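The next block holds one structure in the form of structure tokens; read it before the comments.
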Amino acid sequence: MKFLLYFVLIITFCLPIYSLPTYAQKIDENIYTQDTTQKENKEIVLLQEEAKQHLINLIGIDTAQPNAEEIKAVRYIYTILNKNKIDWEIFRQEKNHANLVVLLKAPIEEDKKQPTMLLISHLDTATIQENWSMPPIKATIKDNKIYGLGASDAKNYVAINLTLLTYFQKHKELLNRDLLKNISVTFDNKKNIV
């Protein structure tokens, strides 16, 4: 139950509120429930801040189409994974593109595990347009929203997933299933290379 609670509360942080062309991500500071303790609320706030910081950092890495270089963002991600002693694999079919895969194993017997949960996202973003009112490759926080290319598609989910992986690496006892994270890479107008 605790696994599901944390998962749902973290996901809530980054649900897209605005769609194209605003590229904004609302920062929801009031997602507590009456069922959570004060300690859990503090943990949730810390997780939200961590996800928010990852999102800000990822927006600052240019992965815009048509010449997306996701490898730069992948390097940021595997640096965080390495700091948290999380094993990962990288698959590169092209110089600037890479798929990153992480499997976080639940520390319980196989027959007692729930089915593996797949967390999937991508790092490439839409092409930079000229009509931006704020810098697209720099996270801008205004009116409690994060603006920037990828804020709502899909660097927000990468940030959440990275936060979840680092949290559950530290609290594996909460896992009742394996977590499989795949950050897929695309090129040529969203055609998968892997």
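The values are calculated or read from the model by the stated rules, or taken from the named source; none is laboratory data. Keep in mind the model is a prediction, meaning the values are calculated, not measured. When we count neighbours, we look across all protein chains shown, and the Cβ atoms used for this are built from the backbone with ideal geometry, even at glycine. When the accessible area is computed, the model is the full protein with side chains, heavy atoms only, and any ligands, DNA or RNA have been set aside. Shrake-Rupley method; radii C 1.70, N 1.55, O 1.52, S 1.80 Å.
Put the Cα centre of segment 144-160 next to the Cα centre of segment 53-116 and the gap is 16 Å. Around S121, with a cut-off of 12 angstrom between Cβ atoms, what is the net charge of the other residues, counting Lys and Arg +1 and Asp and Glu -1? Here the count lands on -1. Here each label is just a point 7 Å from Cα along the line to Cβ, and for L180 and E110 those points are 1.4 nm apart.
A simple count of charges around D87, restricted to other residues whose Cβ falls under 14 Å of its Cβ and scoring Lys, Arg +1 and Asp, Glu -1, yields +3.
Would you mind classifying segment 120-187 by shape? Square roots of the alpha carbon gyration tensor eigenvalues, ordered a ≥ b ≥ c; an a/c under 1.5 is rounded, otherwise it is prolate if a/b is larger than b/c and oblate if not. Since a/c reaches 1.5 but b/c is at least a/b, the shape of segment 120-187 is classed as oblate. Taking all protein chains as shown and a probe of 1.4 angstrom, K83 keeps an accessible surface of around 150 Å².
Pairs over the 26 Å Cα-Cα cut-off, from the set K52/K170; K42/K113; K52/K72; K138/K170; K42/K172: K42/K113; K138/K170. Here the simple spin-label model places points 7 Å from the Cα toward Cβ, and for I120 and R75 these points are separated by 2.8 nm. In the complete set of protein chains, residue-level accessible area for Y78 is approximately 60 Å², probe 1.4 angstrom.
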